[in-house]
1. If we only count strands (runs of 3 or more DSSP E) wholly inside the range A:29-77, which ones have 3 or more residues that are at pLDDT 90 or above, within 14 Å of chain B (Cβ to nearest Cβ) and farther than 27 Å from residue A:136 by Cβ?
2. Within the range B:38-62, can you find the residues that are within 14 Å of another protein chain (Cβ to nearest Cβ) and either under 14 Å from residue B:5 (Cα atoms) or without any contact (Cβ under 8 Å) to a residue 60 or more places away in the chain (or both)?
3. Only one of (1) over 25 Å from residue A:28 (Cβ atoms); (2) more than 14 Å from chain B (Cβ to nearest Cβ); (3) out of contact with any helix residue (DSSP H, G or I) (no Cβ under 6 Å at 6 or more places or on another chain) is not met by residue A:142, so which one is it?
4. Against the definition (under 20 Å from residue A:243 (Cβ atoms), surrounded by fewer than 23 Cβ atoms within 10 Å (Cβ to Cβ), in contact (Cβ under 8 Å) with a residue 60 or more places away in the chain and in the same structural domain as residue A:235 (by TED's automatic domain parsing)), how does residue A:152 come out, yes or no?
5. Given the condition within 17 Å of residue A:97 (Cβ to Cβ), in the same structural domain as residue A:227 (by TED's automatic domain parsing) and surrounded by 14 or more Cβ atoms within 10 Å (Cβ to Cβ), answer yes or no: does some residue in the range A:166-178 qualify?
6. In this structure, does residue A:229 turn out to be under 20 Å from the mean Cα position of the chain (by Cα), within 13 Å of another protein chain (Cβ to nearest Cβ), part of a loop (DSSP other than H, G, I, E, B) and under 28 Å from residue A:86 (Cα atoms)?
7. Need at least 1 residues that are at pLDDT 95 or above and more than 27 Å from residue A:218 (Cα to Cα) per element, so show me which strands (runs of 3 or more DSSP E) inside the range A:99-182 make the cut, counting only ones lying wholly within it.
8. So is residue B:109 more than 7 Å from every other protein chain (Cβ to nearest Cβ), modelled with pLDDT of 85 or more and either in contact with a helix residue (DSSP H, G or I) (Cβ under 6 Å, 6 or more places away or on another chain) or farther than 19 Å from residue B:28 by Cα (or both) or not?
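The values are calculated or read from the model by the stated rules, or taken from the named source; none is laboratory data. Please read these numbers as outputs of a predicted model, since none were measured by experiment. Backbone-built Cβ (ideal geometry, glycine too); neighbour counts: all protein chains shown.
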C-alpha cells in the first residue's frame with residue numbers, strides 16, 4: 001500500500017491505495033489548501049480507493065467503511081474528493097463550513113445557502129459573469145470573527161441535457177477569484193424555478209438562524225461552533241427567502257437592499 | 001382560575017445550547033442532536049418556566065411578551081415544549097388541553113392574532129453527507 005498524510009483547515013487525514021498511480025490521483029483531488037504532512041502526523045481518518053478487479057469497480061472507503069463506488073478511477077477520484085472535503089468541513093476546529101454559494105458584489109458579501117443541486121453554482125456563475133468576485137459555489141468558510149473566507153474551487157456547473165456536471169475555473173467563465181475575507185452583508189435563501197418572479201420575504205432572526213443551521217456542516221460534530229456561527233450571522237445580517245427565476249432579479253434585489261443598508 | 005396555581009416544570013438547562021435572537025429562541029438539544037426554533041409566544045413561555053412559578057406566572061409572561069391573555073394559548077405552548085423535551089419533565093395538562101390545536105386557536109382568536117399562536121419548529125441536526133449529492137459518480 002502507498003500512503004500519504006495531508007492537512008488542511010486544521011484537519012489531518014491520510015490517503016492510501018494499492019498503487020502509486022492511484023495515490024497520485026487521490027493527491028490531485030484534495031480539498032483546497034491541503035498540504036503534505038509528515039508521516040507521523042495526527043490524522044482524523046484514512047481514505048482509500050480500492051480496485052475490486054472481480055467486479056471491475058473502484059470503491060472509496062474511509063477507515064474501512066465503503067462510502068461510494070465507481071466504474072472508473074476518474075469517477076472514484078471525484079467521489080473521494082467529495083467525501084474528504086465533507087470530512088474536513090465537518091471536522092475543522094478553526095472554521096464553520098456552510099453549504100452556500102458566495103459572491104462579493106460591489107464590495108458586499110452575498111451568501112446563498114442551499115443544498116447541493118439547488119442551483120447555487122449556476123447563480124454564482126451568473127453573478128460572477130456580471131461582475132461579482134468569486135468566493136465559492138459550494139462553501140461559505142466562516143471564521144470565528146464572522147468573516148467569510150474564499151473557497152475558490154473550480155465551479156461545478158450543469159451542462160444542459162447532460163447528467164454530469166463539468167468543472168470550470170472562474171477564469172474560464174470570465175470572472176476573478178476573491179482573495180481576502182469579508183463580513184457578510186446579505187443572505188438569500190432561495191430555490192430556483194424557471195420563470196418565477198422574485199418576491200422574497202424577510203425572515204425573522206430566530207427563524208433565519210434555524211434555517212442556516214440546516215446548511216451548517218458541523219451541526220452534529222461541533223454544535224457550539226455551529227450555533228455561534230448561525231447566531232452571529234442571523235443577528236447581524238438581513239436574511240430573505242423566496243423562489244427565484246432569472247438571476248437579473250436577484251441582482252436588482254441585491255442592489256436595492258445594499259443601497260439601503 | 002382552577003389551573004392558575006398549577007406548578008410548571010422548569011425549562012431544560014442541561015445538555016442544551018440556547019441562543020436568543022430578538023424575541024425568538026433557538027435551542028439545540030445536544031442529547032438528541034435536534035434543534036428547535038421557538039416563536040415569540042413559545043419563547044416567552046419557555047423563558048418563564050423557571051421551576052418555581054405557576055401557570056399564572058407563565059401566562060403573565062406570555063401576555064407581557066405578545067399581548068395575548070388566553071389560557072389555551074399558554075397551555076398549547078407548554079404542551080409543545082413538553083412534547084419536544086424542552087422541559088425537565090412533562091407538564092401535567094388539564095384534560096381539555098390535551099387536544100386543542102393551533103388551527104382551533106387561530107379560528108377562535110382570528111387571523112389578527114395568528115402571530116401569537118405558539119409555534120416550535122424542530123429538525124434533526126443535519127448530517128453533512130445527507131445534504132451533499134454529487135452527481136459526477138455513482139454513489140453507493
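1. A:57-62, A:65-70
2. Those that are within 14 Å of another protein chain (Cβ to nearest Cβ) and either under 14 Å from residue B:5 (Cα atoms) or without any contact (Cβ under 8 Å) to a residue 60 or more places away in the chain (or both): B:43, B:44, B:46, B:47.
3. The failed condition is (3).
4. no
5. Taking the range A:166-178 as the starting set, the residues that turn out to be within 17 Å of residue A:97 (Cβ to Cβ) are A:178.
Filter again for in the same structural domain as residue A:227 (by TED's automatic domain parsing), leaving A:178.
Still in the running and surrounded by 14 or more Cβ atoms within 10 Å (Cβ to Cβ): A:178.
Yes: one or more hits.
6. no
7. In the range A:99-182, no matching strands (runs of 3 or more DSSP E) lie anywhere.
8. no
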